[in-house]
Amino acid sequence: MAKQAYATSSLVVGYALCSSLLAIINKYAITKFSYPGLLTALQYLTSVVGVWVLGKLGFLCHDAFNLQTAKKFAPAAVVFYLAIFTNTHLLKHANVDTFIVFRSLTPLLVAIADTTFRKQPCPSKLTFLSLVIILGGAVGYVMTDSAFTLTAYSWALAYLVTITTEMVYIKHMVTNLGLNTWGFVLYNNLLSLLMAPVFGFLTGEHLSVFRAFESRGQSWFELDAFVAVALSCVFGLLISFFGFAARKAISATAFTVTGVVNKFLTVAINVMIWDKHASMFGLVCLLFTLAGGVLYQQSVTTKGNPSAAAKQGRGGDDAVEVDEESQMLVSSPKVV
């Protein structure tokens, strides 16, 4: 019993550390290594190789790669890639707080899309109140953001639209493919890895990479950039393991609470380690937005809420937070 409790605690702590640190690590990585496309390609490669090696060693089981399944999975992989692509550019041009605020807005857009396009029941009064709180906090943050730039907020809006599309449509489509969790991870990252060169050429990033190699000559290697990229790749894989393992080891409620705590930890750590964060009033608005998110999670798990049941049945929005929330390199069916 004691060993089981220790193992469970270790999994929860591991997930909490990975989830709360990964967004900050990715911000640090993109600061030191300013090539978003190449960075995400390295992250996809790490996840694919990691899942394949761990599968060979018997630590996990994943579905074998199949071309027909890959074709059916392709739309989900495209949206996932775009979500990570816009997410990385957002972190490049804005701070972590801005990312969290826009990520917290997703329940509002999902509720609107569900009601308008998928004919889901209107949100309950408590859910509606939570969405108003989220919106109010986000508006307050944007209005007081001293680091506001059109480029950063353009990427933020693109990320918000992409992640909402994935939550409303893509996750529902993919659950019908019958893939297990690690099969899902393998397909998502492998297909995204194959798309990375295409986007690299379309955005012209490959030219920037070539110019950087030519200008630096033999001194192209930088230890701090290497460490930052390596950490982002390793943590991306670790959050896959700890997220899935912790979800199995503890109750859904405990996992949701852990996810909420992780958000506040991310904000606290981000404030303590450097100056790449919002003003004091901006942080208050951010916490206000997160509080609305907590209230939202409580409202959609309230008994008798039909829209909550529908969301639970298809996989909710951000309770698990094993993928885009921390730019995570997995995209799993989520549960609230």
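Only the coordinates and a few stated rules stand behind these numbers; no lab work does. Fair warning: this is a prediction, and the values are worked out from it, not measured in the lab. Don't worry about glycine lacking a Cβ; one is built from the backbone with ideal geometry, like all the others, and counts go over all protein chains shown.
Using the Karplus curve 6.51 cos²θ - 1.76 cosθ + 1.60 with θ = phi - 60°, work out ³J(HN,Hα) for each residue of segment 193-198 in order, rounded to whole Hz, and write x for Gly and Pro.
4, 5, 7, 4, x, 4
Hey, with R₀ at 35 Å, roughly what FRET efficiency would ASN180 and ARG211 work out to, going by the Cβ-Cβ distance, to 0.05?
With a Förster radius of 35 Å, E is 0.25.
Report the percentage of all Cα-Cα pairs in segment 14-326 whose separation exceeds 28 Å, rounded to a whole percent.
Summing the P(r) of segment 14-326 above 28 Å gives 39 percent of all pairs.
Could you rank the peptides 126-134, 110-118 by their average count of other C-beta atoms within 10 Å per residue, with the highest value first?
In decreasing order of mean packing, 126-134, 110-118 become 126-134, 110-118.
Longer than 18 Å from Cα to Cα, which of LYS32/LYS92; LYS72/LYS248; LYS32/LYS263 are they? Say none if no pair is.
Over 18 Å Cα-Cα: LYS72/LYS248; LYS32/LYS263.
Would you give the gap between the C-alpha center of segment 82-155 and the C-alpha center of segment 5-54, rounded to a whole Å?
One Cα centre to the other: 23 Å.
Apply the Karplus parameterisation 6.51 cos²θ - 1.76 cosθ + 1.60, with θ equal to phi minus 60°, to every residue of segment 113-120 and state each ³J(HN,Hα) to the nearest whole Hz, in sequence, with x for glycine and proline.
These are the phi-based 3J(HN,Hα) values: 5, 4, 6, 7, 9, 9, 6, 6 Hz.
Can you tell me which of 154-167, 66-79, 261-274 comes out highest on packing, and rank the rest after it, using the mean Cβ neighbours within 10 Å?
Highest mean packing first, the order is 154-167, 261-274, 66-79.
Provide the gained length on full extension for the span GLN298 to VAL78, in nm with one decimal, where the gain is 0.36 nm per separating residue minus the Cα-Cα distance.
Additional length available on full extension: 76.0 nm.
In whole Hz and in residue order, list the ³J(HN,Hα) couplings for segment 66-81 that follow from phi through the Karplus curve 6.51 cos²θ - 1.76 cosθ + 1.60, θ = phi - 60°; x for Gly and Pro.
9, 5, 5, 5, 4, 5, 5, 7, 3, x, 5, 5, 5, 5, 4, 4
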